[in-house]
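Values quoted throughout were computed directly from the atomic coordinates according to the rules given, and no laboratory measurement underlies them. All values reported here derive from a predicted model rather than from experimental measurement. FYI the Cβ positions are ideal-geometry reconstructions off the backbone, even for glycines, and counts take in every protein chain you see.
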Amino acid sequence: MCRFPKGVPWVRYHGKYKDLSINLVWPGKDLLLGVDSVGTVSASLVTYASIQALKPDLVINAGTAGGFKVKGASIGDVYLASDVAFHDRRIPIPVFDQYGIGARRTFCTPNLLKEVDLKLGRLSTGDSLDMSPHDEGAISANDAVIKDMEGAAVAYVAELLSVPSIFVKAVTDIIDGEKPTAEEFLQNLVAVTANLDQAVTQVIYFINGRSLEDL
Ligand code: ADE
């Protein structure tokens, strides 16, 4: 039984695929404005509540990301994140600076990478769709090929609760390209989400019947 607090917009779909019990959870629509609850705050909360309620063996954070063409990303590519870090948590005090960046390795899945057609790269997370000059430097310091608004937050919560997590991200926009990010994101969202859908399906097919150590 999954109990989320009364009134929250979080949505859970549940189903079975062969041996797997799959819970698809999304943060839903903002209660005030009716838009999707993007960003690290809702991602952290819903990850925490979902892990507490559902006790998963693995968290898969699936979503969209911006990509850097200088690092080899193209629209429609689907990445598996090797590492995650934040690019907008600036705390210029020794050690707090590293805490702010929050760099972590994701759960290692070498066999999944061999079998499923995914690119591998580092993911940088921040709470803005656009990129400030500071973000640009921090993303570069994180050596990221893709940029999203949730990944590192989900990784933090999953690690806190000792659940392995992986990150599947489809590229909707090229950050170092010509087009304005918001426009390009909205233009490609539907088509790229279909790629994400396919990739996550392949990941699920691969996971079925395997132990975590075999991924
Ligand atoms: N999701 C999709 N594109 C993004 C971008 N450019 N920055 C952050 N999150 C995104």
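Could you list which residues have their amide H under 5 Å from that of ALA170, counting only those 5 or more apart in sequence or on another chain, with H placed in the peptide plane?
Distant-sequence amide H within range of ALA170: GLY63, THR64, ALA65, TYR79.
How much net charge surrounds THR125 when only other residues with a Cβ under 13 Å from its Cβ are counted (Lys, Arg +1; Asp, Glu -1)?
Details: positive: ARG89, ARG104, ARG122, LYS147, LYS169; negative: ASP83, ASP88, ASP127, ASP135, ASP148, GLU150.
Taking every Cβ under 13 Å from that of THR125, the sum is -1.
Show the residues, 5+ positions off or on another chain, whose built amide H is closer than 5 Å to the amide H of ALA103.
Here the answer is PHE86, since their amide H atoms fall under 5 Å of that of ALA103.
Counting only DSSP beta bridges with both residues in the chain, what percent are antiparallel, rounded to the nearest 5? Kindly include the intermediate steps, with their values, before the conclusion.
On the way: 15 of 34 bridges.
Around 45 percent antiparallel, to the nearest 5.
Among the lysines, which fall within straight-line cross-link reach of LYS169, defined as a Cα-Cα distance under 21 Å, with same-chain neighbours fewer than 8 residues apart omitted?
LYS29, LYS69, LYS71, LYS114, LYS119, LYS147, LYS179
Work out which helices of the chain, taken as complete DSSP H runs, extend at least 24 Å along their axis over the Cα atoms and score a mean Kyte-Doolittle of 0.5 or more, then list them. Write down the numbers at each step before the final one.
Values: long enough: 181-207 (35 Å, 0.69).
Within the chain the helices that satisfy the rule are 181-207.
Based solely on its DSSP helices, what 222 nm [θ] is calculated for the chain when runs of n ≥ 4 H residues each add -39,500 (n - 2.57) and the sum is averaged over all residues, nearest 500 deg cm²/dmol?
Working: 6 runs with 73 residues, N = 215.
Calculated at 222 nm, the ellipticity per residue is -10500 deg cm²/dmol.
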